[in-house]
1. Give, rounded to the nearest 20 debye, the magnitude of the charge dipole that region 13-198 has about its Cα centre when Lys and Arg contribute +1 at Cβ and Asp and Glu contribute -1 at Cβ.
2. Going through region 55-148, which trypsin sites (Lys or Arg not before Pro) have at most 14 other Cβ atoms within 10 Å and a DSSP loop state?
3. Each residue of region 22-31 in turn: what ³J(HN,Hα) in whole Hz from Karplus with 6.51, -1.76, 1.60 and θ = phi - 60°, glycine and Pro shown as x?
4. Within a Cβ distance under 15 Å of Val222, other residues only, what is the Lys/Arg minus Asp/Glu net charge?
5. Please list Cys388, Cys92 from largest to smallest accessible area, probe radius 1.4 Å, with all protein chains kept in place.
6. Going toward the positive end of the dipole of the chain, with +1 on Lys and Arg Cβ and -1 on Asp and Glu Cβ, which of Leu100, Gly163, Ala274 do you reach last?
7. Suppose we take every Cα in region 287-342 and form the convex hull; what volume per residue is that in Å³?
8. Two decimals, Cα atoms only, Kirkwood Rh: what is Rg/Rh over the chain?
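The values are calculated or read from the model by the stated rules, or taken from the named source; none is laboratory data. Bear in mind the structure is a predicted one, so any value in this text is a computation, not a measurement. In this analysis, Cβ positions are derived from the backbone assuming ideal geometry, glycine residues included, and neighbour counts consider all displayed protein chains. Accessible surface areas use protein heavy atoms only, side chains included; no ligands, DNA or RNA. Shrake-Rupley method; radii C 1.70, N 1.55, O 1.52, S 1.80 Å.
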Amino acid sequence: MAATPSLATPPPLREGGFRIVLAYRLCAILSYQIVAVTVGWHVYELTRDPFALGLIGLAEVLPYICMAPFAGYLVDHLPKRRLGAMACAGLCVTALLLALIASARVAPGKVWPIYAAIVLTGLVRTFLTPVYTALFAQVLRREQFARGAGVGSIFVQSAMVVGPALGGVLVGWAGKTAAYALAALLAVAAGLVLLSLRVAEPRPEGPRAPVFSSIGDGLRFVFGNQIMLGAQALDLFAVLFGGAISLAPAFIQEILHYGPEGLGILRGAPALGAVMVGLVLARRPPGRHAGRLLLYAVAGFGLCIIGFGLSRHFWLSALFLMLSGVCDGVSVVLRSTIMQLVTPDGMRGRVASINGIFIGSSNELGAFYAGSMARLLGLVPAVVLGGCVTLGVAATTAWKAPRLRRLDLKELQ
């Protein structure tokens, strides 16, 4: 770990713009997480089929992948606050549509309208992270990036603890419609907070490049940088094969025998672990041996997923998921710091969108993979196999990406 940063550099939270950007991020993720946990319970309640849970991920990831490159281009060339607010409005519309479905006012008992609403979520979610990433670099100084990434991870993971827990409690006590309604209100709050930000939008220099040429520049930048590509690919395949959390509704009902409140606890446990490690990394951001730390964290994530798959006790399962969040939290902070330090200012939207294809789509593809393998092999074998493959991914990356393995973050500052 690096030494504590100099007092000459103010803490990121003293920057008013950074606090606003964090509030936008917090409300948007709370909205999305409440919808995610409620939709999982909703679909499994209707189908009792783990493969149907995997289809939720597929319904979101396909439009996400198709839209992400264009979203990054738009973030780099259009006002970021307005794009973020429009994306939040899209989250609100999705939550309201799901509320109508849950209240049996639209297609009662049908699953396909739920998937249709999730398609819209995938489209609008492509803008959320690129907007945050671009504004992050505008409201903070470069020497604040590492600590800012740690603080941002704390807020994001806190939302991922509170969101699923709140969603599970609402589903159990007030019903699915109430959970979706709260998600809609939080999406509106995220958009309004973002519009309150006062930051100068940089003017693009020279004529605007054609869309596909500009997207190609972003792709060439990412694929030509071994450190960034290695970190993103590591997360993509680790989460793809280790995405056990998507099967939590099935584990809760078939193996652990808990209600929707238990689902909220399991969905929030990884984020709780990530918050804990984020508090440490915000004060002492990683520096030396950052590459090795990233690889060890992914390997630890795989071991935790294996433990979750083999557990038959609810609180032991929650512990393994919390420890997986500790490992994932280290990975998130390191990836975020690498991306902020390496990416040129004029390319942040496109690079964040490409990063989103790697990182964001890995969760949904992982959900589809986990659901498919659960149907073929059963719940427990599918999760244990995924954890074993994650260990192999960490070992392969260590071998194939030596620059990432030897990474010292001080070299990038």
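1. Working: 15 positive and 6 negative charges, 103 e Å.
Around 500 debye, computed over region 13-198.
2. Numbers: sites: Lys80, Arg81, Arg82, Arg105, Lys110, Arg125, Arg141, Arg142, Arg147; in loops: Arg105, Lys110, Arg141.
Here the trypsin sites (Lys or Arg not before Pro) that fit, given the DSSP loop and packing criteria, are Arg105, Lys110, Arg141.
3. 5, 5, 4, 4, 4, 5, 5, 6, 4, 4
4. Values: positive: Arg220, Arg335, Arg348, Arg350, Arg403; negative: Asp76, Asp217, Asp235.
Result for the local shell: +2.
5. Working: Cys388 70, Cys92 20 Å².
Ranked list, largest accessible area first: Cys388, Cys92.
6. Final value for the positive-end residue is Ala274.
7. 64
8. Details: Rg = 20.1 Å, Rh = 21.2 Å.
Radius of gyration relative to Kirkwood radius: 0.95.
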